[in-house]
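K.L.:
I'd like to ask you about the structure that follows.
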Amino acid sequence: MPRLRPDTKSARREHILDAAELCFSRQGFHRTTMQDICKGAAVSPGALYVYFDSKEALISGIAERDRAEFQKRFETLAAAPDLLAALSEIGRKYFVEEPAHKRLMCVEIGLESTRNPRVGEIYRSVDIFVRNSFQALFQRLKDEGRIDPVFDIPTLAQVFVTIGDGMFWRRVVDPAFNAEQVLPAITATLGLMMRPVDAASPASPSARVGETTQEVQS
């Protein structure tokens, strides 16, 4: 049997992960079987086990892929001329544009993490990675004099991920929830906590946040 080219193997692996995401979101972690994933990916059990030997391994693969995607999007924040606009764009990607099955899958994995030690380890590693990424970013921005946060940096990072968790959950459980409508208010609220420092035009978004903060504190 001829060996697959690396790009073909990578594409097949991604295809299997896509099928696993759909299965987990539709049926939940426990009800989904490896055979279900084979069927969804249109591959044989032998082909599946070449890449993933368990559902936990599939969860690990999904988490690794999501972490890489988050890192790619996150890297643009530190250099963004308008921090709040850049944060809003990332929020739009995750809370408005992301397919519904991705949100369901995140909730399923979160629930399974409370029962399955291996899934819990994977889930918490991603959670810690995201929180630490925000914490490092905010510390850098503070050191550079670009933000003057109301709270200490670890608390600010924790607030960010907590709000993100709430947005994911609300989108799953409330069909009427309009994330796009709420996102500007959430961005403005985060701005009040971060207090971006902008010495440019008084009409800039960061300057307006600073003015609003002063009004709230007065």
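The values are calculated or read from the model by the stated rules, or taken from the named source; none is laboratory data. Since the structure is predicted, the reported quantities are computational estimates derived from the model, not experimental observations. Here Cβ is always computed from backbone atoms with ideal geometry, including for glycine, and neighbour counts include all displayed protein chains. Protein only, heavy atoms only, side chains kept; ligands, DNA and RNA dropped before computing areas. Shrake-Rupley method; radii C 1.70, N 1.55, O 1.52, S 1.80 Å.
K.L.:
Does at least one position in segment 129-149 carry a residue that is β-branched (Val, Ile, Thr), open to solvent by 40 Å² or more (accessible area, probe 1.4 Å) and either at pLDDT 95 or above or out of contact with any strand residue (DSSP E or B) (no Cβ under 6 Å at 6 or more places or on another chain) (or both)?
P.N.:
No, segment 129-149 contains no residue that is β-branched (Val, Ile, Thr), open to solvent by 40 Å² or more (accessible area, probe 1.4 Å) and either at pLDDT 95 or above or out of contact with any strand residue (DSSP E or B) (no Cβ under 6 Å at 6 or more places or on another chain) (or both).
K.L.:
Continuing with the same structure: Residue check, Gly46 against (1) closer than 30 Å to Gln181 by Cα; (2) not in a loop (DSSP other than H, G, I, E, B), all met but one. Which one?
P.N.:
Of (1) closer than 30 Å to Gln181 by Cα; (2) not in a loop (DSSP other than H, G, I, E, B), only one is false for Gly46: (1).
K.L.:
Let me confirm something: among Glu98, Glu64, which residue is open to solvent by 40 Å² or more (accessible area, probe 1.4 Å) and among the acidic types (Asp, Glu)?
P.N.:
On the way: Glu98 fails: open to solvent by 40 Å² or more (accessible area, probe 1.4 Å).
Every option except Glu64 fails the conditions.
K.L.:
If a residue must be out of contact with any helix residue (DSSP H, G or I) (no Cβ under 7 Å at 6 or more places or on another chain), closer than 19 Å to Met105 by Cα and assigned to a helix (DSSP H, G or I), how many such residues does segment 170-190 contain?
P.N.:
Residues that pass the stated criteria total 2.
K.L.:
Looking only at segment 49-89, count every residue that is assigned to a helix (DSSP H, G or I) and either in contact (Cβ under 8 Å) with a residue 24 or more places away in the chain or in contact with a Gly (Cβ under 7 Å, 6 or more places away or on another chain) (or both) and tell me the total. If you could, list the steps in order and put the result at the bottom.
P.N.:
So in segment 49-89, the residues assigned to a helix (DSSP H, G or I) come out as 49-51, 55-74, 83-89.
Okay, now just the ones that are also either in contact (Cβ under 8 Å) with a residue 24 or more places away in the chain or in contact with a Gly (Cβ under 7 Å, 6 or more places away or on another chain) (or both), so 51, 55-56, 58-63, 65-67, 70-71, 74, 83-85, 87-88.
Number satisfying all stated conditions: 20.
K.L.:
I've got another one for you. Please find, among Ala42, Ala19, Ala80, the residue that is of a type in the set (A, V, I, L, M, F, W, C), open to solvent by 60 Å² or more (accessible area, probe 1.4 Å) and out of contact with any strand residue (DSSP E or B) (no Cβ under 8 Å at 6 or more places or on another chain). Walk me through it before giving the result.
P.N.:
Numbers: Ala19 fails: open to solvent by 60 Å² or more (accessible area, probe 1.4 Å); Ala80 fails: open to solvent by 60 Å² or more (accessible area, probe 1.4 Å).
Unique residue meeting the criteria: Ala42.
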